[in-house]
Amino acid sequence: MNRKALRNPFLGDVVTSPEQTVVDVAEIHRQSFDLCRRSFEVVAGEYRSWSVLLNGEAGCGKTHLLSRFRKWLSCEFDVKPSRPPALFVAIRME
């Protein structure tokens with residue numbers, strides 16, 4: 001498949017905040033989402049610190065991923081966190 005023919009799905013519908021309601025496409029950034037979930041479980045279960053850095057060009061889906069993670073922390077998915085809902089705070093770094 002010609003990769004140049006693939007269009008970035010986030011270019012026309014920018015997600016500016018994790019609180020924004022978006023159509024979720026679970027296959028997009030599945031590995032990164034799973035890493036965020038596993039990291040939360042380590043922190044919550046072992047009471048230690050852990051960091052995940054999301055880095056990428058504008059429009060690649062970072063905030064969309066954070067929106068999905070926020071929904072998961074709020075127990076809005078079938079697979080829920082092992083701990084009660086967590087506080088989610090997003091700080092825009094500029």
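The values are calculated or read from the model by the stated rules, or taken from the named source; none is laboratory data. Everything numeric in this text was worked out from a predicted model, so none of it was measured. Here Cβ is always computed from backbone atoms with ideal geometry, including for glycine, and neighbour counts include all displayed protein chains. The accessibility values were calculated without ligands, DNA or RNA, using every heavy atom of the protein model including side chains. Shrake-Rupley method; radii C 1.70, N 1.55, O 1.52, S 1.80 Å.
Structure summary
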read-out	value
Whichever residue in segment 25-34 is touching a residue at least 12 places away in the same chain (Cβ under 8 Å) and exposed (fewer than 14 other Cβ atoms within 10 Å of the Cβ) and, among such residues, is farthest from P85 (Cα to Cα)	V25
Top-ranked residue in segment 38-88 [being among the aromatic types (F, W, Y) and open to solvent by 90 Å² or more (accessible area, probe 1.4 Å); ranked as nearest to the chain's Cα centre (by Cα)]	W50
Close pairs (6 angstrom Cβ cut-off, 6 or more residues apart or separate chains): among the charged types (D, E, K, R) in segment 67-94, surrounded by 12 or more Cβ atoms within 10 Å (Cβ to Cβ) and not in a loop (DSSP other than H, G, I, E, B) anywhere	R68/F33; R83/A44
Selection status of E41, modelled with pLDDT of 90 or more and of a type in the set (D, E)	yes
